[in-house]
Amino acid sequence: MFKNPIICLVIFILGFITAKLIKPSESGAFAENDPAVKTIPSLEVVYPEIVMHINIERQQQNIPVLNTDNRLTCASQRHVDAMDTFNKCSHLVDTAEPNLFTRVRRCGYENTTVLEVIACNTITSDEAAELWLSDSLTRSKLLDPGYVSIGCDRKKEYWTCVLAKNLIDKSEELQ
């Protein structure tokens, strides 16, 4: 079906740090000294069929479906672009690429728990979903009812989905 599939799972806890959105430099890389972006990129839902596969499995388990979020799609897009550029399947493909925590913050999502799943050497959404859902650890995370939002993207044989739990309301912490 597919050769040498590689899957990974990473969870990062986003801190309670106020983050600025950073826009890409002219080269397409992100630099800390780039001016802040005032708006989130307007993205369409990318590869809705992969989300559909995951949501069908969640429904079969009586778990609420995931809602798509453009900010998570943005983080997924940036990662598949990096994997394609460096021809490497990893959660951090190069020292110049921001980690998941930073990618998600730069796309405007903060103060929550996020999860990233990647698949490589898979061509179709069926293959990527089958790969993720057949791995017990990845499956348990994808079916975790605490995760409520998702954004996915694909470039060539590289797939990435980023899931997030509910945003944390900082005002409750101050009381």
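Each reported figure results from applying straightforward, stated rules to the coordinates on display, with no laboratory input. Just so it is clear, the model here is predicted, and its values are computed rather than measured. Virtual Cβ from ideal backbone geometry, glycine too; neighbours counted across all protein chains shown.
Summary table
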quantity: Trypsin sites (Lys or Arg not before Pro) within the range 75-169, DSSP loop, no more than 13 other Cβ atoms inside 10 Å; calculated: LYS156
quantity: Positive-end extreme of charge dipole, the range 55-175 - chosen from PRO145, SER134, VAL93 (charges on Cβ); calculated: VAL93
